[in-house]
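The values are calculated or read from the model by the stated rules, or taken from the named source; none is laboratory data. Just so it is clear, the structure is predicted and the values come from calculations on it, not from any experiment. Positions of Cβ are generated from backbone atoms using ideal geometry, with glycine treated the same way; all protein chains shown enter the neighbour counts.
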């Protein structure tokens, strides 16, 4: 009986409850946190409202009005997850009908105790520009990844910290861009092609950079599926061709002792972080 | 006296304390959270150790050994922020000498109460592949942003949800890539050049897409600095040229009623989120 009631309540929550994400900056942190936490519940509120850059009294007042309206429509208090550094804004948000969880409220007291310091209440810049030089480096690194995408350029490859190699559609480009954008890794990528497989060797331009190479592998079935989307019915996309290229690529990695990873079940984020961890790049912060 | 002691302790903490970030997946969520929280302290631990993918007993045991070693070297317990869905792994981490804060521990009980549901303890996939179709769309959108970078292609521009325009080096490319990578926004970008300014009109290929255009502006001084890095001493980089181009671009935006934003003090994340918010893209989750 109790289980049945719980289930009904859960269902209600799912169908009629609204989740608000409120931040004084981008909301990336609180969004990421809530997404992670909600993976731990079978039923999560489906209606989601994200309100970034709520950094003054007027904007908070507007969000409070939205929360109160949602409470009326839903017939229950919305869940509100927030990241507001200013104490006054936080207090105002709490006057809404929502059940407010603020990440600063929840964490700062404990962190303050461990760090033996009071917390200051200024708007955080976790995802803002704190330093132009740093920012410019980031943009430069993204431009590097673009310039050295898919073996388009050879001169200057010496500057790459990492060179991803693999067959077409194994995930090189998005991984390089992500590494550049998020972790400022100067990453180039280079395709392995039919000619390399015939020779059974690394492409010549890569031989001087062997210690910076990292290989990608993917399952033949998944590669076939990805290539079919691009060139349906082609030899390029056929399963036997995918199998042949992948086993030739793997043979090269093994012969040259190049570390490699299977991208089949990994997201761009997971691939990037696994690779950095495996090559010992202390860039994760 | 009390203030002085606090300050000394704070200083010590900064100099000798280690911060561990431990996750069973990428650690992106807990990293982002801790970065945000530490913006609220003047002194934060400088020594940071990130350990992603700690998803079994052996890996946790290795991290526990590292934490205990750091405690010995530092002469004080490291701060450990973790995101471990498995209760047993969490319990093992807490047996270390570190002061452990786990995001699930801290948030789940309260969230569970509001959601009227017990939490399940399985490894979260906030940054993993939950669905191949979704993942493929993301990669396709990144490829779209690459194909439609800097006005390189006109045919197919109809498919863009958003077209960023602006003078060279105003931030179009990284913003488009970020929008694609993080929010699956099909974003193209198109440069405004001398010819457009002479005509005082939008480039012809853009006129059919006016409702999807969004302009970037930047301060002349910052643009000058960015261009100087690329082409030192050139007319292109000179301050008068930057001023002239920017005021011509702004005149076009105003004449055509194209919304625009000043990118000078905004990070890629902030720019992307501001633009999505202003055009009403409900993609922030």
Being in contact with a strand residue (DSSP E or B) (Cβ under 9 Å, 6 or more places away or on another chain) and within 11 Å of chain A (Cβ to nearest Cβ) is the filter; apply it to the range B:77-86 and report the residue that is farthest from residue A:81 (Cα to Cα). B:77
Residue by residue through the range B:66-84, note down the ones that are at pLDDT 90 or above and outside any helix (DSSP H, G or I). B:75, B:77, B:78, B:79, B:80, B:81, B:82, B:83, B:84
Meets criteria (in a loop (DSSP other than H, G, I, E, B) and in contact with a strand residue (DSSP E or B) (Cβ under 9 Å, 6 or more places away or on another chain)) for residue B:274: no
Restricting attention to the range A:46-65, which residues are under 28 Å from the mean Cα position of the chain (by Cα), assigned to a loop (DSSP other than H, G, I, E, B) and more than 8 Å from chain B (Cβ to nearest Cβ)? A:46, A:54, A:55
Got a sec? Which of B:226, B:154, B:239, B:192 is surrounded by 22 or more Cβ atoms within 10 Å (Cβ to Cβ) and assigned by TED's automatic domain parsing to the domain that holds residue B:274? B:192
Between A:115, A:89, A:125, which is modelled with pLDDT under 85 and more than 27 Å from residue B:71 (Cα to Cα)? A:125
Out of the residues in the range B:93-111 that are at the interface with chain A (Cβ under 7 Å from one of its Cβ atoms) and out of contact with any strand residue (DSSP E or B) (no Cβ under 9 Å at 6 or more places or on another chain), state the one that is surrounded by the most Cβ atoms within 10 Å (Cβ to Cβ). B:108
Mind checking which helices (runs of 4 or more DSSP H) fall wholly inside the range A:138-246 and carry at least 1 residues that are more than 14 Å from every other protein chain (Cβ to nearest Cβ) and over 16 Å from residue A:273 (Cα atoms)? A:194-199, A:220-230
Checklist (1) in contact with a strand residue (DSSP E or B) (Cβ under 7 Å, 6 or more places away or on another chain); (2) within 14 Å of another protein chain (Cβ to nearest Cβ); (3) within 30 Å of residue B:47 (Cα to Cα) applied to residue A:263, failing item: (3)
Check the range A:34-42 and report whether any residue there is within 29 Å of residue B:271 (Cβ to Cβ), surrounded by 23 or more Cβ atoms within 10 Å (Cβ to Cβ) and without any contact (Cβ under 8 Å) to a residue 24 or more places away in the chain. yes
Of the criteria (1) at the interface with chain B (Cβ under 7 Å from one of its Cβ atoms); (2) touching a helix residue (DSSP H, G or I) at 6+ places or on another chain (Cβ under 6 Å), which one residue A:89 fails: (1)
Restricting attention to the range A:1-33, which residues are modelled with pLDDT of 90 or more and over 23 Å from residue B:278 (Cα atoms)? A:33
